[in-house]
1. Name the pairs: first residue in region 54-80 and farther than 23 Å from SER36 by Cα, second residue part of a helix (DSSP H, G or I), Cβ to Cβ under 6 Å, at least 6 apart or on different chains?
2. Any residue that is loosely packed, with under 11 Cβ neighbours inside 10 Å and farther than 27 Å from TRP71 by Cα - is there at least one of those in region 20-39?
3. Would you call GLU52 more than 30 Å from PRO18 (Cβ to Cβ), charged (D, E, K, R) and modelled with pLDDT under 90?
4. Might you let me know whether region 94-106 holds any residue that is charged (D, E, K, R) and modelled with pLDDT of 85 or more?
5. Does region 71-105 hold any residues that are surrounded by 13 or more Cβ atoms within 10 Å (Cβ to Cβ) and over 17 Å from the mean Cα position of the chain (by Cα), and which are they?
6. Take GLY64 and tell me if it is among the small types (Gly, Ala, Ser), farther than 29 Å from VAL21 by Cα and loosely packed, with under 11 Cβ neighbours inside 10 Å.
7. Take the conditions among the β-branched types (Val, Ile, Thr) and modelled with pLDDT of 90 or more and apply them to THR115. Does it pass?
Amino acid sequence: MNTSAAALDADPDLEPDPLFVAAFRETRWILLMWLSCFAWTLTVCLNFGYPETVDPLNFPMVLGIPAWVAWGIAFPWLIANGVTIWFCLCVMEDADLGEDVSEAQAAQAAESAGTPVEGGSDV
């Protein structure tokens with residue numbers, strides 16, 4: 001059983017903050033994407049970037065760059081950019097962070113606490 005399930009079992013009235021749940025879900029997406037690109041890059045670059053024999057006249061190229069660079073670095077980079085754009089536009093959600101404290105209320109609270117307000121002078 002994971003820790004969040006254990007915490008909910010300990011106090012059934014306890015519900016996680018929706019902002020935390022959304023951030024945790026988005027974090028899992030980002031880490032999964034990063035790990036996928038990392039594994040792809042390592043696999044392709046190690047397998048194709050270090051051949052046992054190198055023939056400079058017949059070295060595989062894609063659009064004028066070595067094939068291992070194109071498929072091991074450029075390809076996952078382009079895929080990651082596409083997935084990132086899709087993720088930001090379709091998966092990430094905007095959440096309400098609560099009421100915004102106005103500057104006047106913040107200054108009043110600072111004065112009542114006896115702390116100087118930014119930009120103010122104690123002299």
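1. Hits for this filter: PRO60/ALA67.
2. Yes, region 20-39 contains a residue that is loosely packed, with under 11 Cβ neighbours inside 10 Å and farther than 27 Å from TRP71 by Cα.
3. Working: more than 30 Å from PRO18 (Cβ to Cβ): yes; charged (D, E, K, R): yes; modelled with pLDDT under 90: yes.
Answer is yes for this residue.
4. Going residue by residue through region 94-106, those that are charged (D, E, K, R) are 94, 96, 99-100, 103.
If we keep only those that are modelled with pLDDT of 85 or more too, we end up with none.
No: region 94-106 contains no residue that is charged (D, E, K, R) and modelled with pLDDT of 85 or more.
5. Scanning region 71-105 gives TRP71, GLY72, ILE73, ALA74, PHE75.
6. Working: among the small types (Gly, Ala, Ser): yes; farther than 29 Å from VAL21 by Cα: yes; loosely packed, with under 11 Cβ neighbours inside 10 Å: yes.
Yes; evaluated as a whole, the condition is true for this residue.
7. Working: among the β-branched types (Val, Ile, Thr): yes; modelled with pLDDT of 90 or more: no.
It is false that THR115 is among the β-branched types (Val, Ile, Thr) and modelled with pLDDT of 90 or more.
The values are calculated or read from the model by the stated rules, or taken from the named source; none is laboratory data. For clarity, every value in this text was computed on a predicted model and none was experimentally measured. Note: ideal-geometry Cβ built from the backbone for every residue, glycine included; neighbour counts use all protein chains shown.
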